[in-house]
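The structure follows.
Just so you know, all these numbers are worked out from the coordinates, no wet-lab data involved. Please read all numbers here as calculations on a predicted model, not as lab measurements. All Cβ positions, even for glycine, are placed from backbone atoms using ideal geometry, and neighbour counts span all protein chains on display.
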Amino acid sequence: MCDRFCRVCDTLLNDDNWHASAKRNGNYLCKECSAKQNKEYRQKSGYKASPEKLARDRYAGFQRHLTLKQTVIDAYGGKCECCGETDLIFLSIDHINRDGSEHRKELKKLGMKLYEWLVENDYPSGFRTLCLNCNCALGFYGYCPHNHIRVLPEKKALRRGRAASPLDDADCCRVCDISLGEDNAQYSAKPSEIRDGITRQQYICKACYKIKMSEFAYRRKMEVMAEYGGKCVECGETHLEFLTIDHINNDGAERRKELGINGGSALYSWLKKNGYPKDNYQILCFNCNVAKGILHRRPKPYTQETP
């Protein structure tokens, strides 16, 4: 069979970029160009799909996603390797080597596309099934409370009152006393590029700075969660590492954009500054938060006691 090319962009057509229906009908148009033409037609004609059609399309897409996800999850054990959770809505695929961000960036695939890649590559090693609670705890804190108890390190005495100067061999981290250089110093820019007000930060290594900021964020989260009840309002989960703030009205993205914050510690600081408003905020664990976003409810009644 001779090669076929898109009649608009001249891209070589294959099974990945050519709709099967277009191929059957002899329409030499790649998926990208087809999508652009459809969008232009809708804009010019003022066409809008009916709410019923949009609902049917969303439901069909959701069912395809669940079927593919179930296939992949079953191939990797069918349950969370950490806590044993089996509900499909709560489960996710975890990169065992903690290199998920780099891997997704390399493949340019996430979500359903990642599941398709795993199927195409015959379920390679290096992956496992974790629920969202365990997965997010590992991603944010480096451990899961199901098998590790967090112990906050004692505060170390910090050297103070050092004058600003370029980094040299005599400079040491004010926490661990390791020698600082351009490779391991926080804000290790040239002296002329160092921003105002960070003279003391110059004398801390990247590893200690990361721990220092992590401890600050953890304590701030403790304060906020205590103000909102300290547990998930749906399932009763109390492990701090699993908890997050949910926007009751499902307008979290709009609110964060309006406030100019990204969420996480910035949201916690905003809540504290504004007296912990209760009108649109509640605590959910990561599992229940995602279930609320997908199903608008918890998939099943919570019947077990929180460990």
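Enumerate by residue number the trypsin sites (Lys or Arg not before Pro) in segment 10-85 meeting two conditions: DSSP loop (anything except H, G, I, E, B), and at most 10 other Cβ atoms within 10 Å of the site's Cβ.
Filter output for segment 10-85: K48.
Please turn the phi angles of segment 286-295 into ³J(HN,Hα) values with the Karplus equation 6.51 cos²θ - 1.76 cosθ + 1.60 (θ = phi - 60°), one per residue in order, whole Hz, x for glycine and proline.
Using θ = phi - 60°, the values come out as 4, 4, 5, 5, 5, 4, 4, x, 8, 9 Hz.
What is the local net charge at K273, summed over the other residues whose Cβ is closer than 14 Å to its Cβ (Lys, Arg +1; Asp, Glu -1)?
0
Give me log10 I(q)/I(0) at q = 0.12, 0.14, 0.23 Å⁻¹ for segment 1-65, Debye formula, one equal scatterer per alpha-carbon, no solvent.
Normalising to I(0) and taking log10 leaves -0.43, -0.57, -1.00.
Checking the table K23/K44; K36/K105; K69/K108; K212/K272; K210/K278 against a 22 Å threshold on Cα-Cα, which pairs fail?
Cα-Cα > 22 Å for K23/K44; K36/K105; K210/K278; rest within.
Determine, for M225, M112, the number of other Cβ atoms within 10 Å of each Cβ, and report the residues in order from fewest to most. It would help to have the intermediate numbers written out before the result.
Numbers: M225 18, M112 14.
Lowest to highest Cβ neighbour count: M112, M225.
So between I178 and S21, what do we pick up on full extension, going 0.36 nm a residue minus the alpha carbon distance?
Working it through step by step, the gained length comes to 50.1 nm.
How charged is the neighbourhood of L132? Take every other residue with its Cβ under 11 Å from the Cβ of L132, and add Lys/Arg as +1 and Asp/Glu as -1.
Local net charge: -3.
Next question. Compute the distance from the alpha-carbon center of segment 14-70 to that of segment 239-283, in whole Å.
35
Contour minus end-to-end for S265 and Q37, with contour as 0.36 nm per residue of separation and end-to-end as the Cα-Cα distance? Walk me through the numbers on the way to the answer.
Numbers: separation 228, 0.36 × 228 = 82.08 nm, distance 4.27 nm.
Full-extension gain reported as 77.8 nm.
For segment 75-87, take each phi angle, set θ = phi - 60°, evaluate the Karplus expression 6.51 cos²θ - 1.76 cosθ + 1.60, and give the result in whole Hz per residue in order, putting x for glycine and proline.
After applying 6.51 cos²θ - 1.76 cosθ + 1.60, I find 5, 10, x, x, 7, 5, 5, 8, 10, x, 4, 10, 5 Hz.
Moving to a separate point now. For I73, I204, what's the fewest-to-most ordering of other Cβ within 10 Å of each Cβ? Write down the numbers at each step before the final one.
Working: I73 19, I204 24.
The order, fewest Cβ neighbours first, is I73, I204.
Residue by residue through segment 59-69, which ³J(HN,Hα) values in whole Hz follow from phi under the Karplus form 6.51 cos²θ - 1.76 cosθ + 1.60 (θ = phi - 60°), with glycine and proline marked x?
Coupling constants for segment 59-69: 5, 5, x, 5, 5, 4, 4, 5, 5, 5, 4 Hz.
Under a 5 Å amide H to amide H cut-off, with H placed in plane at 1.01 Å, what residues pair with Q282 once short-range neighbours are removed?
Sorted by chain and number, the residues that satisfy this are D246, I248.
Let me ask something additional. Describe numerically, in nm with one decimal, the distance between label points set 7 Å from Cα along Cα→Cβ at R255 and at H146.
Each label point lies 7 Å from its Cα, and together they span 2.9 nm.
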